[in-house]
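Sharing a structure with you now.
The values are calculated or read from the model by the stated rules, or taken from the named source; none is laboratory data. Quantities reported herein were computed from a predicted structural model and do not represent experimental measurements. Cβ sites come from the backbone with ideal geometry, for glycine too, and all protein chains shown count toward neighbours.
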Amino acid sequence: MAFDFPFVKEALTQMFKKSSCEEYPFKPKEAFPNYRGRIVFHGDRCIKCGLCEKVCAGGAIHNVLISEDEEKEVYERTFDLTSCTFCSYCSDFCSKSAIELTGDFHMTGTKHEDLLVKGQYTKVKKKPVAKAAPAAKAESCDNKAE
């Protein structure tokens, strides 16, 4: 009775070939082009329009007022990567490119705070413009001289 081992031939041929496995993490791996990874927020570019919050399908973008004085308000914009679907609508709709999705795919953490991206921006308050006194009405030409 002969035993047929169909995998013996394959095992012997693969034993002398180079491994087909990648050597990650010993050799860093680059993300594919147009990969949508970790979010980066540039608060200095933000014009405070709030459009990113409106288009966020996962509701991952929140604004919180940190401080306020007579001249300015300081806000903190938070991106919750646990709720983010990485659809890139926020970066697509941002007219000043204040939001970027990078190629960083190393998004792990032991706490919820590890997966929050925060950035601050300042909103300058407009000073009320003093209204000028109304100009004296000119007499109309319709008045008939008597």
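List every residue pair whose Cβ atoms sit under 7 Å apart, with the two residues 6 or more apart in sequence or on different chains, where the first one lies in the range 106-131 and is outside any strand (DSSP E or B) and the second, anywhere, is β-branched (Val, Ile, Thr).
112/82; 115/82
Let me ask another. Spot the failing condition for residue 77; the list is (1) free of Cβ contacts under 8 Å to residues at least 40 places away in the same chain; (2) under 12 Å from residue 41 (Cα atoms), and only one is missed.
For residue 77, the failing item is (1).
Right, next: Checking the condition modelled with pLDDT under 95, closer than 21 Å to residue 120 by Cβ and part of a loop (DSSP other than H, G, I, E, B), which residue from 70, 22 passes?
On inspection, the qualifying residue turns out to be 70.
Does residue 33 qualify as being surrounded by fewer than 10 Cβ atoms within 10 Å (Cβ to Cβ), under 25 Å from the mean Cα position of the chain (by Cα) and not hydroxyl-bearing (Ser, Thr, Tyr)?
In short, yes.
Same structure, new question: Mind listing whichever residues of the range 33-51 are in contact (Cβ under 8 Å) with a residue 12 or more places away in the chain, in a loop (DSSP other than H, G, I, E, B), of a type outside the set (D, E, K, R) and over 17 Å from residue 73 (Cβ atoms)?
Correct list: 35, 37, 42.
Conditions (1) hydrophobic (A, V, I, L, M, F, W, C); (2) modelled with pLDDT under 90, marked per residue:
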position: 79; (1), (2): yes, no
position: 88; (1), (2): no, no
position: 91; (1), (2): no, no
position: 108; (1), (2): no, yes
position: 113; (1), (2): no, no
position: 119; (1), (2): no, no
position: 124; (1), (2): yes, yes
position: 127; (1), (2): no, yes
position: 132; (1), (2): yes, yes
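Right, something else. With respect to residue 83, is the statement that it is assigned to a loop (DSSP other than H, G, I, E, B) and touching a residue at least 40 places away in the same chain (Cβ under 8 Å) true?
Taking the combined requirement at face value, the residue does not satisfy it.
Let me confirm something: among 83, 95, which residue is in contact with a Gly (Cβ under 8 Å, 6 or more places away or on another chain), hydroxyl-bearing (Ser, Thr, Tyr) and exposed (fewer than 15 other Cβ atoms within 10 Å of the Cβ)? Please lay out each step first, then the result.
On the way: 95 fails: in contact with a Gly (Cβ under 8 Å, 6 or more places away or on another chain).
The unique qualifying residue is 83.
Okay, next question. Within the bounds of the range 1-19, is there any residue that is assigned to a loop (DSSP other than H, G, I, E, B), of a type in the set (A, V, I, L, M) and under 30 Å from residue 88 (Cα atoms)?
Within the range 1-19, none of the residues are assigned to a loop (DSSP other than H, G, I, E, B), of a type in the set (A, V, I, L, M) and under 30 Å from residue 88 (Cα atoms).
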